[in-house]
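Below: the structure, in structure tokens.
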Amino acid sequence: MNYISHSDAERAEMLESLGLQSVEELFEVVPRHVRFPELKLPKALSELEVTRLMTDLSGQNTNVLSHPCFLGAGAYRHYIPSVIGHLAGRAEFFTAYTPYQPEVSQGTLQAIYEFQTMMGELYNMEVANASMYDGASALAEAAIMAVNVTGRRKIIMPRTVHPDSRAVTRTYTEPQGITIEEYATVEEALEHLDDATAALLVQQPDFLGQLLDLQKLSDAAHAHKALFVVSAYPTAMGLIKPPGDFGADIVVGEGQPLGMALSFGGPYVGIFTCRNEYIRQLPGRIVGKALDKEGKQAYVLTLRTREQDIRRERATSNICTNEGLIALIVTIYLSAMGKQGLRQVAEQSYHKAHYAAAEIAKLPGYELAFDGPFFNEFVVRCKSAEAVEAVQKACREAGIIGGYSLSEVFDDMADCLLFCCTEMNTREEIDRLVAVLKAV
Amino acid sequence: MNAPLEPLIYDISRPGRIAFSLPDLDVPEAPIPAEFERDPELLGLPEVSELDVVRHFTHLSRLNHAIDVGFYPLGSCTMKYNPKLNEDVARMPGFTWVHPLQPEDTVQGALRVQYELQNYLAEIAGFDAATLQPAAGAQGELVGVLTIRAYHQARGDTQRNKILVPDAAHGTNPATAAMCGFKVVTIKSDSRGNVDLEALARHVGPDTAGLMLTNPNTLGLFDEHLTEIAEIVHKAGGLMYGDGANFNAILGIVKPGEVGFDVMHINLHKTFSTPHGGGGPGSGPVVCKSHLAPYLPTPVVEKETRDGQDHYSFRKLPGTVGKVRSFWGNFGMHVRAYTYIRVHGARGLRDISENAVLNANYIMNKLKDTYDVAYDRTCMHECVLSGRKQKQKYGVKTLDIAKRLLDFGYHSPTIYFPLIVEEAIMIEPTETESKTTLDEFIDTMLQIAREAEETPDLVKNAPYTTPVLRLDEATAARKPELRYRCFG
Ligand SMILES: Cc1ncc(COP(=O)(O)O)c(C=O)c1O
């Protein structure tokens, strides 16, 4: 099968108009000995056969719609209203390119303008860009921006920032000679702030679910004229105070929880917001208001001289294609959920996680690893690393997608599991999880 | 000032309207610490009904041009038809509703898709290994250049601080090289649109880390000295990076891995038909030769056969350049590209490139007497014209021609890129367009050329029929207004 529209007769006519006998003649520039290589690929399939194959492959994955799920750790199972698929799936959005010709791209452009507004509101920040690849690369770009803004070359962050965000930040900054210092805790990180520090990077809630006192951190960073950069879980902003309330300079986040399916890790969307004074140092695309020549209000890609196509090796970032469609999904989600809905999603996630944490803490052999305030994730310390494995096995046997084993990332937390609840978890699911833990 | 085409969602908002429903809370409420709780009144989100949401975004969608609406010959972007089948497959619950950190034995189908896609891409491009992690082409470039850097460093070859980039290259190439800490050296093109071999020989040396080459290049031309270029760079100890944005021209025609490239990225959102979504998501897998494989982003997917059963798992790479994206990349795009390859098979992929190249040459041939062509030789999947004649003779710029095309229901070609062609008009028809569409487009381009001659103002003031007319972009950039303010 293929998606070519010509008939053979039409193709022949076209070749004739070019004075060619065969289409192969178009490729004579390719060295003969490497021209038309064999491709060892499985044979072509019809639509029906492919659908069968892919239904089978899809079926080999345990999905979190039909199974209770207590996994978070950077990707979150939240409810997705029906309108999202129908609206974001409209081909006029789906099959458009980056809005280079504003006269025929106002739909995409206005949606991005609304996205930028909502991201600013969510984090209480002045401006946002049109999206980054994901939360991790958004944090990496924030580190680079902080270096460019301050002229300093050291970044400090605690290990309670998501491990992937830290890893990506290291990858992006290391070649530019930027130093990244990582410390076990926020407290330790604060001790190492100095006048050579470009930025303090933290995550709210942190990777272990804990809510941080952002005012203290912001003050500490600003005391050294370093930027205060926060990566924040956007859903939590429905309930807890946003980083902008505490003087954050750059706030980024992973937008997936706002209406995007888990999709085994992507596509997701990076949120990037900052103070107004830094707009000319922002990475990526930005949409602004413009008037057309009859004075009609419209939207356009703006501040383009920061970008790679114009500035080339002096651009603020190399990003070109971003995550436009996922930004649209976020915009539709926040429209549908609105002011009241996001609050309810956040409240329910909070209450369910606190219920689950309290019930698990009552069980012998389990305790909460931290006693500070948390949003919807919490760490449970089991008796041993073996007990963690036994819990994971028991969950799998019970058809539950259990917590995240922290042995994956922290050597000193091999006996710990990170659990997450959202509005999707029913009390009955939570009680089942508790019963499974109890029986181990 | 005229009314906007569509009000902002915030303008539609009315206090108390809702468009969601959630179950009642079924657990006890826990106290929320006051020092953390946000004042709900200060959450600046709209309040609208479900029908408000549906109408608003439906109205917005209708202001867009898109592939499903009409021809989109945007050069370098490969705006081919995006098969509906891919969308149905990508929405299967075992692909959408899977958490990236689930135990491996609960995601064997997903891992198999990734494993096989790694292999297919390596096979199609002629390389030994692949990573699917990069989220788009530019991030693939970052990975590729970082692997080159890691390779030199591992050999103690630390004086290589320059990356050579031809002047025809896309802006992401120099931007990427700079992000990776390299000095960018621009190499000029020769009179036939190839890399200028003399210029290359002059700049290449013991400080060359590599050359970033797009082939076919952004002029739509296959470099006539590809083998020599690779030889020159390799002899100096540098490596060859391939920008695979134009891979759609050469599927089954030539494998880049067999003509001297060491590493290359592939834009799944171009060649492998995943939808562009108004600016993304993309996906930019990187394929490479075995000498660069140890440095790929971690992890990669592997297969093991135990007791006759295939088992797929992630393997961490100790020598990796690191991660560039959380989790495993844009999996939803991997599923679509995988489906697309399975539908086509080897012959089907070659048909894609043959038709893409035929279509571009057909357009170039019909327009070359009316518009200047940048380089008069057989092109690959796109052709680059120049509007310099129209500009000199009638004062009609390429921008005007592009805007006039909008009146006829076309998206404009890519314009003013590549930078080395004056008044560039870069047309990429792709393989999926019919002869009828191409003929109509050609007729329109000829008509616009006549208009430029006879009624130049008609072209200079275009468009007339689009939802908005030309915008004052200069003022927009000088006084940026980047959002609505909910609280004044
Ligand atoms: C030649 C070329 N290289 C690189 C890129 C960058 O790819 P992406 O937009 O996927 O990051 C593009 C896309 O616009 C391109 O046309």
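The values are calculated or read from the model by the stated rules, or taken from the named source; none is laboratory data. All values derive from a computational prediction rather than experimental measurement. Cβ placement follows ideal geometry from the backbone for every residue including glycine, while neighbour counts extend to all protein chains displayed. What goes into the accessible areas is simple: the full protein's heavy atoms, side chains included, and nothing from ligands, DNA or RNA. Shrake-Rupley method; radii C 1.70, N 1.55, O 1.52, S 1.80 Å.
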**Message:** Which residue, B:Pro15, B:Ala30, B:Pro40, has the largest displacement toward the positive end of the dipole of the range B:9-61 when charges sit on each Cβ (Lys, Arg +1; Asp, Glu -1)?
**Reply:** B:Pro15
**Complete:** Length gained, B:Lys316-B:Lys368, 0.36 nm per residue minus C-alpha separation, equals 13.5 nm
**Item:** Electrostatic dipole magnitude of the protein assembly as shown [Cβ: Lys, Arg +1; Asp, Glu -1; Cα centre; debye, to 20]
**Value:** 1060
**Item:** Cα radius of gyration and Dmax for the range A:338-439 (Å)
**Value:** 13.7, 44
**Message:** With n ≥ 4 as the cut-off for DSSP H runs, can you work out [θ] at 222 nm for chain B, using -39500 (n - 2.57) per run divided by the number of residues, rounded to the nearest 500?
**Reply:** -11000 deg cm²/dmol
**Asked** Nearest-5 percent of antiparallel DSSP beta bridges in the protein assembly as shown?
**Response** 60
**Item:** Flagged links, alpha-carbon separation over 22 Å, of A:Lys40/B:Lys289; B:Lys368/B:Lys435; B:Lys255/B:Lys366
**Value:** B:Lys255/B:Lys366
**Asked** Using a ≥ b ≥ c from the Cα gyration tensor of the range B:1-140 (square roots of the eigenvalues), is it rounded, prolate or oblate, where a/c under 1.5 gives rounded and otherwise the larger of a/b and b/c decides, a/b for prolate?
**Response** oblate
**Asked** Measuring from centroid to centroid over Cα atoms, what is the spacing of the range A:121-144 and the range A:16-38 in Å?
**Response** 47
**Request:** Considering only protein heavy atoms, with the full assembly of protein chains and a 1.4 angstrom probe, order B:Asp157, B:Asp400 by accessible area, largest first.
**Result:** B:Asp157, B:Asp400
**Prompt:** Between A:Phe410 and B:Lys479, what is the spin-label point distance in nm, taking each point 7 Å from the Cα along the Cα→C-beta axis?
**Reply:** 5.2
**Asked** Reachable lysines from B:Lys460, Cα under 18 Å, same-chain residues fewer than 8 places away excluded?
**Response** A:Lys293, B:Lys389, B:Lys391, B:Lys393, B:Lys397, B:Lys403
**Request:** Mind jotting down the distance between the C-alpha centroids of the range A:244-281 and the range B:386-419, whole Å?
**Result:** 37
**Asked** What is the mean number of Cβ atoms from other protein chains located within 10 Å of the Cβ atom of each residue in peptide B:166-178, rounded to a whole number?
**Response** 5
**aspartates and glutamates with Cα under 13 Å of B:Lys316, excluding same-chain neighbours fewer than 8 positions away** = A:Glu408, B:Glu302
**Prompt:** Got a sec? What order do A:Asp56, B:Asp376, A:Asp371 fall in by accessible area at 1.4 Å, biggest, i.e. largest, first?
**Reply:** A:Asp371, B:Asp376, A:Asp56
**Message:** Place a point 7 Å from the Cα of B:Gln309 along the Cα-to-Cβ direction; which residues of the range B:74-106 have their backbone N under 11 Å from it?
**Reply:** B:105
**Request:** Among A:Gly266, A:Val202, A:Ile286, flag the residue with its Cα farthest along the positive direction of the charge dipole of the range A:180-292, charges on Cβ as +1 for Lys/Arg and -1 for Asp/Glu.
**Result:** A:Ile286
**Message:** So if I place +1 on the C-beta of Lys and Arg and -1 on the C-beta of Asp and Glu, and nothing else carries charge, what would the dipole magnitude of the range A:83-333 be about its Cα centre? I want it in debye, nearest 20.
**Reply:** 640
**Prompt:** Got a sec? Charge dipole of the protein assembly as shown, +1 on Cβ for Lys and Arg, -1 for Asp and Glu; which of B:Ala199, B:Val54, B:Leu358 is way out at the positive end?
**Reply:** B:Ala199
**Asked** Quick one: with all protein chains in place, what share of the accessible area of the range A:387-438 is carbon or sulfur, to the nearest percent (1.4 Å probe)?
**Response** 46
**Fill in**
Taking only protein heavy atoms and a 1.4 Å probe, the highest-to-lowest accessible-area order of B:Glu87, A:Glu359 is A:Glu359, B:Glu87
**Complete:** Scoring only Lys, Arg, Asp and Glu (+1, +1, -1, -1) among other residues with Cβ under 11 Å from the Cβ of A:Arg285 yields -1
**Item:** Degrees, to the nearest 10: A:47-59 long Cα axis against longest axis of chain A
**Value:** 10
**Debye equation applied to the C-alpha atoms of chain A, log10 I(q)/I(0) at 0.10, 0.13 Å⁻¹** = -0.81, -1.19
**Item:** Unit charges on C-beta of K, R, D, E only; dipole of the range A:256-299, Debye
**Value:** 100
**Complete:** Between A:Asp194 and B:Ala30, Cβ-based FRET efficiency (R0 35 Å, step 0.05) works out to 0.35
**Complete:** Filtered hits (lysines, Cα-Cα < 20 Å from A:Lys393, offset >= 8 within chain) -> A:Lys383, A:Lys438
**Area buried, chain A against chain B - accessible surface, total, 1.4 angstrom probe, square angstrom** = 17200
**Asked** Given the C-alpha centroids of the range B:118-196 and the range A:148-188, what is the distance between them in whole angstrom?
**Response** 25
**Request:** DSSP loop (so not H, G, I, E, B), at most 14 other Cβ within 10 Å: list which trypsin sites (Lys or Arg not before Pro) in the range B:63-157 pass both filters.
**Result:** B:Arg155
**Item:** Fraction of antiparallel bridges per DSSP, chain B only, in percent to nearest 5
**Value:** 60
**Prompt:** For A:Ala358 and A:Ser384 in one chain, what is 0.36 nm times their gap in residues minus the Cα-Cα distance, to one decimal in nm?
**Reply:** 7.3 nm
**Prompt:** What percent does the relative contact order of chain B come to when contacts are Cα pairs within less than 8 Å and at least six residues apart?
**Reply:** 18
**Asked** What is the distance, in nm, between label points placed 7 Å from the Cα along the Cα-to-Cβ direction at B:Arg202 and at A:Glu13?
**Response** 4.9
**Message:** Quick check: pseudo-label points 7 Å beyond the Cα along Cα→Cβ at B:Glu454 and A:Glu181, how many nm apart are they?
**Reply:** 7.4
**Item:** Zone of B:Glu104's modelled label, taken as backbone nitrogen in the range B:282-299 under 15 Å from a point 7 Å along Cα→Cβ
**Value:** B:298-299
